[in-house]
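Structure first, then comments.
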Amino acid sequence: MKFSQTIAVLFLVFVTYWTFYSLTPKYDETENKPLTEFSTTRALTHVKEMSKKPHAVGFPAHDEVKDYVSEQLRKLGLEVETQEGFSLREDWGNLGYVKNIIARIHGSNSGKALLLLSHYDSNTHSSLGASDAASGVATILEATRAFLEKNQEPTNDIIILFTDAEEIGLNGAEKFVNEHPWAEDVGLILNFEARGSGGPSIMLVETNRGNQHLINEFAKANSDYPVGNSLAYSIYKMLPNDTDLTSFRENLDVDGFNFAFIDDHYDYHTALDNYERLDRNSLAHQGSYLVPLLNHFANTDLSAVKSLNDNVYFNVPLFKMVTYPFDWIWPMYFIALLAFIALLWNGFKTKKLHLRSVLVGFTPLLLSLVISGVFGYILWPFLKWWYPWFNDVLHGFVYWGKYYIIIVCFFSITTCILIYREFRKIDVQNLLIAPILLWLLVCLGLNIYLKGAAFFIIPLYGLLATLLVTINQKKPEPLLLAFLAAPAIAIFAPFTTLFPIGLGLKLLVSSALLSCFIFYFSLTVFQQFKYKLTLALICLGVFIFYNVRTHVWIRWGFTTDAPKPTSLVYLLDADKNKAQWATYDKIYTDWNMGYLENSTDVSKDTIGETISSKYNTRFKAVAPAPIKTLLQPSIVKELDTISNGNRKLQFCIKSERTINRIDIYKNNIPLKSAKVNGITLSNFYLDEKSKKGRLLTHYISDNNYTELELVIDTKDKLELKIYESSNDLLEHKMFTVPPRPDNEIPMPFVLNDAVIITKTITLD
């Protein structure tokens, strides 16, 4: 065919496009779904209602959201229970008064129950929580409504749990697991979350054992748009990430599935997590999971989902979820290895392969890998130097992050085309040996150290088939070669975005290297193509276009769609009667510059002591501030007794103003025992916290008190430092801090927009 080479290249472009396009359903705003089906439009109504205001623990809108969700469950004809009380998650050291929302649909049998799980609190201080996790609550409400509309009694009980205080440390889930009688009934969990405001919802298994039965049952449920793979599962197990499901797995050995979308990660935990920015396709994707899974697991024996064995699994267009046992990993590898050896023997025997040409073939491979890898590795550090305000985006993924992924990918493809163009006189079968051998080594390492990625062997079979074709045919059909390269694109392409979005732009190097490997697996198509230089120039043009476009957008400055995170807090040291402004910002704006003009490095002032934050972020600078006459916390010593060499102390800390949290630090002395608001702290917890100084953080609801009961050795001298914080700096009558301009948002993950009073308790 005259244009077969061009068609083959266009086919690869189409496969790349379709791989991404087919990941999620497409929301139609004109949809008019029957009452027995899940409606994204109806789910959006819940999201909109829940995300009008920040509703973190202790915030005024918190109870408004709780009441709204409870009422929606009652409208479904369900009896609603609220589980309330203090809860301390020791892993995080955070205390809060939680209000879980619970309902139950009774099944025909008395076996294990299916738990539908999400949380209704938003992140502290500024997040509206539309995606995280009003989207999860809305998905469960709408799917449950559709399920009940069918009027079919399930075999298993279905428990609906909307936890509270997830954002401060999974406290609601912890309280349910440890104290609610229904916790022992749970056999499987479907948990809905978000770590961004868009993109495909990724399925992640959580289990203490193997995933085999879970994955097999998931495949039977036949979701239309499954997105998940055992590599993400393996990486997730190695990272210190927790969800509400984690409490069930760790304490009750209950397995489950997490579903979360992570794209547009820069919206996570910010004021941008609002109704307008929630990707409708992502919400539709959550519903496309829950409806078939609810129908399936409501009638499946949940006592049989545990397994000691693991499955490899991955999604590809058309085939949905592909899965096979770990037992197949090594046989599949050795089949590929033997096939490679056989092809080498045949190629040298028929003189289609030449040793010198094969060895030369490693040169373009290594050159393209090194050049692309170095570029991907240094780009993010360079960008943070060139645009220093990128350091103030604590997510590690800036608004222009997707463009940088495109830039890295097209740089790598351009590099590969230009380098391999210089070796076009070498027969392509000789050039294929280097990437095949390299990929065999990569798969060997993955099979040993990261078995969840063992499906990376699948595209190698296509490359081996390509080698077979090129050895036996002088002019192979370009479309056949493109078809054999398609599995590599379908499997690898999503990872070029998944890694830097999920783990930060520091992993742009992964996008660079994966782009190279995609090229290697498509090498025969590109080497056959007559207009390689033209193709390289097109790719280079895309690379330059996105560089210029991104730079121009950044130079235009931050906008309402891409606002700069900023921070400002007021610190009053009640012991020294000294006040300071403090910020986490590396680059100031006009909004906070006036307060920080005389700022000094925080390391030169002890008031800048670290306050608990998600990433242990420290204040960057402090500056003198006027003394304000603020109501200080009352600290009443209720008990002080000595017995058998131990001193027992009891304090009640009560705020005289409306606050949001109290952080309590202690000096480096051992505690023999401790209680906070009636909760006994474990010895392990005390040992860990004694080393680090921070005792706990109490997120305050209804201006609750904090009661401490501590036992120390009579020879020790106890010193406690109290940080009492309210997130009302911009509304406080004693201050004149103006609202932020539209192109700024409160910096997430840190204590922000706060009025903080520090006070020390010293006991001889």
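Please report, for the Cα atoms of region 561-764, the Rg to one decimal and the Dmax as a whole number; what are they, in angstrom?
18.2, 64
Using the Cα gyration tensor of region 120-226, with a ≥ b ≥ c the square roots of its eigenvalues, what is the shape: rounded (a/c below 1.5), prolate (a/b larger than b/c) or oblate (neither)?
Taking the square roots of the gyration eigenvalues as a ≥ b ≥ c, region 120-226 is rounded.
Between Asn208 and Asp28, what length comes free when the chain is fully extended (0.36 nm per residue of separation minus the Cα-Cα distance, one decimal in nm)?
Between Asn208 and Asp28, full extension yields 60.9 nm more.
For Ser643 paired with Asn743, estimate the spin-label separation in nm (one decimal), with each label point 7 Å from Cα along the Cα-to-Cβ line.
Simple spin-label model gives 6.5 nm for this pair.
Dividing the alpha-carbon radius of gyration of region 683-754 by 2.2 N^0.38 Å (N being the number of residues), what value is obtained?
Dividing the Cα radius of gyration by 2.2 N^0.38 Å gives 1.58.
Full-extension gain between Asn616 and Gln632, please, as 0.36 nm times their residue separation minus the C-alpha to C-alpha distance.
Separation in residues times 0.36 nm, less the Cα-Cα distance, equals 3.1 nm.
Can you quote the Å³ per residue value for the convex hull of the Cα atoms in region 454-494, rounded to an integer?
Per residue, the Cα convex hull of region 454-494 comes to 49 Å³.
Semi-axes of the equivalent ellipsoid of region 441-575: what are they in whole Å, largest first, if each equals the square root of 5 times a C-alpha gyration tensor eigenvalue?
42, 24, 9
In square nanometres, what is one fourth of the surface area of the convex hull spanned by the alpha carbons of region 28-316?
Projected area, direction-averaged: 13.5 nm².
For region 27-79, what are the per-bin percents of Cα-Cα distances with bins 5 Å wide, up to the bin holding the maximum?
Cα pair-distance distribution for region 27-79, in percent: 4, 17, 20, 20, 17, 13, 6, 2.
Please list the radius of gyration and Dmax for region 169-220, considering alpha-carbon atoms only, with Å as the unit.
Reported Rg and Dmax, both Å: 14.0, 37.
Could you sort 624-635, 537-548 so that the peptide with the highest average Cβ count within 10 Å comes first and the rest follow in order?
537-548, 624-635
Considering the convex hull of the alpha carbon atoms of region 526-621, report its projected area averaged over all viewing directions, in nm², one decimal.
If I average the Cα hull's projected area over directions, I get 10.8 nm².
Express the Stokes-Einstein translational diffusion coefficient of region 285-412 in µm² s⁻¹, to the nearest whole number, given a Kirkwood radius over alpha-carbon pairs, 25 °C and a viscosity of 0.890 mPa s.
Calculated translational D: 117 µm²/s.
Relative to the longest principal axis of the C-alpha atoms of the chain, give the angle of the C-alpha long axis of helix 458-472, reported between 0 and 90° and rounded to the nearest 10°.
10
Once phi is turned into θ = phi - 60°, what whole-Hz ³J(HN,Hα) does the Karplus curve with 6.51, -1.76 and 1.60 give for every residue of region 629-643, x standing for Gly and Pro?
7, 9, 5, 8, x, 8, 10, 9, 7, 8, 8, 8, 10, 10, 8
Across 5 Å bins from 0, what is the distribution of all Cα-Cα pair distances for region 357-426, in whole percents?
3, 15, 21, 18, 13, 11, 8, 6, 4, 2, 0
Arrange the peptides 63-73, 7-17 so that the one whose residues have, on average, the most other Cβ atoms within 10 Å appears first.
The packing order, highest mean first, is 63-73, 7-17.
Quick one: which residues, 5 or more positions from Gly107 or on another chain, have an amide H under 5 Å from its amide H? H modelled 1.01 Å from N in the peptide plane, none for Pro or chain starts.
Asp157, Ile158
Work the Kirkwood hydrodynamic radius out for the chain: mean of 1/r over every pair of different alpha-carbon atoms, inverted, in Å.
Value: 28.6 Å, from the Cα pair sum.
If one takes the longest principal axis of the Cα atoms in the chain, at what angle in degrees, from 0 to 90 and to the nearest 10, does the Cα axis of helix 329-349 lie?
Long axis of 329-349 versus the principal axis of the chain: about 30 degrees.
Would you mind calculating the relative contact order of region 206-354 from Cα pairs under 8 angstrom and at least 6 residues apart, reporting the percent as a whole number?
41
Which FRET efficiency value, to the nearest 0.05, do you get for Asn251 and Val13 by plugging their Cβ-Cβ distance into 1/(1 + (r/R0)^6) with R0 = 45 Å?
Using R0 = 45 Å, I get an efficiency of 0.35.
Per-residue HN-Hα couplings for region 108-114, Karplus 6.51 cos²θ - 1.76 cosθ + 1.60 at θ = phi - 60°, whole Hz, x for Gly and Pro?
Using θ = phi - 60°, the values come out as 7, 10, 10, x, 5, 9, 8 Hz.
Using a 10 Å cut-off on Cβ atoms, rank the peptides 123-136, 220-233 from the highest mean neighbour count down.
123-136, 220-233
Taking 8 Å as the Cα distance limit and 6 or more residues as the minimum spacing, I'd like the relative contact order of the chain as a percentage.
Relative contact order here is 13 percent.
Mind listing the long-range amide H neighbours of Arg661? Cut-off is under 5 Å, sequence gap 5 or more, other chains count too, H placed in the peptide plane at 1.01 Å from N.
Amide H to amide H, under 5 Å and 5 or more residues apart or across chains, Arg661 pairs with Ile700, Ser725.
Need one number: the % of Cα-Cα pairs in region 114-171 sitting beyond the 14 Å mark.
The share of Cα pairs beyond 14 Å in region 114-171 comes to 59 percent.
May I ask which residue of Ile341, Leu507, Leu671 lies farthest towards the positive end of the charge dipole of the chain, with charges of +1 (Lys, Arg) and -1 (Asp, Glu) on Cβ and the Cα centre as origin?
Positive-end residue among those listed: Ile341.
About the Cα centre of the chain, how large is the charge dipole given +1 on each Lys and Arg Cβ and -1 on each Asp and Glu Cβ? Please answer in debye to the nearest 20.
Here the chain has a charge dipole of around 3480 debye.
For the Cα atoms of the chain, what angle does the longest principal axis make with the long axis of helix 136-149, in degrees from 0 to 90, nearest 10?
Once rounded, one gets 80 degrees.
Enumerate the calculated ³J(HN,Hα) couplings along region 286-303 in order (Karplus 6.51 cos²θ - 1.76 cosθ + 1.60, θ = phi - 60°), each rounded to whole Hz, writing x wherever the residue is Gly or Pro.
4, x, 5, 7, 5, 4, x, 5, 5, 4, 6, 7, 5, 10, 10, 5, 7, 7
Given H placed on each backbone N at 1.01 Å, which residues far from Asn211 in sequence or on other chains put an amide H within less than 5 Å of it?
Correct list: Asp310, Asn311.
Every read-out reported here was derived from the displayed coordinates using simple, explicitly stated rules and does not represent laboratory data. Values in this document were obtained by computation on a predicted structure and should not be read as measured data. All Cβ positions, even for glycine, are placed from backbone atoms using ideal geometry, and neighbour counts span all protein chains on display.
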